[in-house]
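Please read the structure below before turning to the comments.
The values are calculated or read from the model by the stated rules, or taken from the named source; none is laboratory data. Keep in mind the model is a prediction, meaning the values are calculated, not measured. Glycine also receives a Cβ, built like all others from the backbone with ideal geometry; neighbour counts cover every protein chain displayed. The area values use the complete protein model at the heavy-atom level, side chains included, leaving out ligands, DNA and RNA. Shrake-Rupley method; radii C 1.70, N 1.55, O 1.52, S 1.80 Å.
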Amino acid sequence: MELRRYALMCLLPCVIGRAGAVETPMADAAAHAVFREADALCRADDGALWGASLCGPMMLVDAASRELKASQQDAQGALSARGAVFVGQLPPDALVANTAIDWSGTRWTQLLWPLPQDDARRRTLLAHEMFHRLQSALPIARPAEGGNDHLDTLDGRYLLQLEWRALAAALSANDGDARRVALSDALAFRAERHRRFPAAAKEEAALELNEGLAEYTGVRVGNPTPAARIEAALHDLRAHVDDRSFVRSFAYATGPAYGLLLDQAAPRWRSALGQHARDLGTLLAQASRIEPALDEPAMRAAANRYDGAALHSAETLRAQHRQAQIERNHARFVTGPVLRLDLRRMRIQFDPNSVQPLPGSGAVYPTLRLTDDWGTLQVTDGALMQSDWKAVLVQAPATGGPLLQGDGWSLQLAPGWSVVAGARAGDYMLKAQP
């Protein structure tokens, strides 16, 4: 998984990849079997989907030991050949995740061991991450990343889940009329969400044209038949319903659904992505010649088709709990004393399922690992990432020295850095020593 503005490495594919995985040693033969499977997938595609081959260097990494096994030699010779694989160790400053990574002079598809046992989930993950290795070379325009904070509000979550339900109905429909009704409903819920939240269309498109297209690629390339692809897309629509937050994970559900529906309506739709950033819903509405009805009676009738009343009640209760969480986070990271860590060349690992928007300030990440010039930050109970991604804030430290610690975090300072007083009484910040 990649984001464009910074070298971010997000852990959601790790969560998907490890679901159903069994903790077994990473034997050379098992690693080689994964490399053969990935090679078979990309050769079967042969560049048909994106006009370029998905094949390329791949590494499997054990997150605990940092042991790696690779499909080929790295450019700088850090790996050693051992039978059919190449073996080595990732250095401590290298982040590990399901992602694309530049390491030792080579661009890799990196995957965490163990991979899913389920064949469909594993193949989808392989193709998803192979797309990310290729992604930067593809002519796909997308807007700058946004926070998608609206997807943590009552209306945003409600309309998104109605859209998911309608997309599932469209994918499952056995006749054209039923499919068109479900498509119209999905596009109406999406259009209404974008109407209520003016920044939503641009912010959602940024993630859908990144992670959404990657997961669509995983579904298309990783599953051999149209029926298997639909089942994989339906799995993605079901898998994220229980996510604590949708702000970073929604595109894994919408991307494959819209991609497969666009394959049916306009098989050459992918060629339009290089012209300028395109919203997948708009592309589908144009290809299907659907003008969604947004008047109140039509929206109410559409919601009733997907058990909207019960969903709204559940989301209302969640909104009440969310308000209490916002107040707690505001006290911890806005009004309370903090340590500010300015970001320079940061690399980050986090779980997008757990991100908690904090309106007006940014987003709270319950867990993350972040490295920058000043050292390595490990968070186990909350850090605030500012909206502009220029700084991360943790509660003021309780201990000093090279290993700083506070409530739910620790920071290993790099040589040449120290903690100094911040702008407010009780605040701290980092400063490079002259």
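Descriptive notes on the structure:
- Cα-based equivalent ellipsoid, the stretch 171-323: semi-axes from gyration tensor eigenvalues, Å: 24, 19, 17
- Sorting D102, D427 by accessible area puts them as D102, D427; the probe is 1.4 Å, largest comes first, and only protein heavy atoms count.
- Sequence of D28, D118, D242 from largest to smallest accessible area, 1.4 Å probe: D242, D118, D28
- The 3J(HN,Hα) values that the Karplus relation (6.51, -1.76, 1.60; θ = phi - 60°) gives for the stretch 257-265 are, in residue order, 4, 5, x, 5, 5, 5, 4, 6, 7 Hz. Gly and Pro appear as x.
- Estimated vicinal HN-Hα couplings, Hz - the stretch 393-409 in sequence order (Karplus 6.51, -1.76, 1.60; Gly, Pro = x): 10, 10, 5, 3, x, 9, 9, x, x, x, 9, 8, 9, x, 5, x, 7
- Our coupling estimate for the stretch 44-53, obtained by passing each phi through the Karplus curve with A = 6.51, B = -1.76, C = 1.60 and θ = phi - 60°, is 5, 5, 6, x, 5, 6, 10, x, 8, 6 Hz, Gly and Pro reported as x.
- Mean residue ellipticity (222 nm) of the chain, computed from DSSP H runs ≥ 4 via -39,500 (n - 2.57), nearest 500: -12500 deg cm²/dmol
- Whole-number accessible area per residue in Å² for the chain, which is evaluated in the context of all protein chains at 1.4 Å: 41 Å²
- Label corresponding to Rg and Dmax of the Cα atoms in Å when calculated from the structure given, among (i) 22.9, 78; (ii) 21.0, 60; (iii) 22.5, 71: (iii)
- Cross-link reach list, lysines versus K431, counting only Cα pairs under 29 Å and skipping chain neighbours closer than eight places: K390
- The chain, relative contact order in percent, only Cα pairs under 8 angstrom and at least six apart counted: 15 percent
- M299 - accessible surface, heavy atoms, 1.4 Å probe, Å² rounded to 10: 30 Å²
- The fraction of accessible area contributed by carbon and sulfur in the stretch 26-78 is 50 percent, rounded to a whole number (1.4 Å probe; ligands and nucleic acids excluded).
- Ordering of 303-311, 332-340 by packing [mean C-beta count within 10 Å, highest first]: 332-340, 303-311
- Relative contact order (%) - the stretch 344-434, alpha-carbon pairs under 8 angstrom, separation at least six: 20 percent
- Look at where the Cα atoms of the stretch 51-89 and of the stretch 342-421 average out, and the two centres are 30 Å apart.
- Taking the 1.4 Å solvent-accessible surface of the stretch 240-315 as the whole, the part contributed by carbon and sulfur is 50%.
- Distance from the stretch 210-247 to the stretch 285-327 (C-alpha centre basis), Å: 22 Å
- Check: the chain dipole with +1 on Lys, Arg Cβ and -1 on Asp, Glu Cβ, in debye: 480 debye
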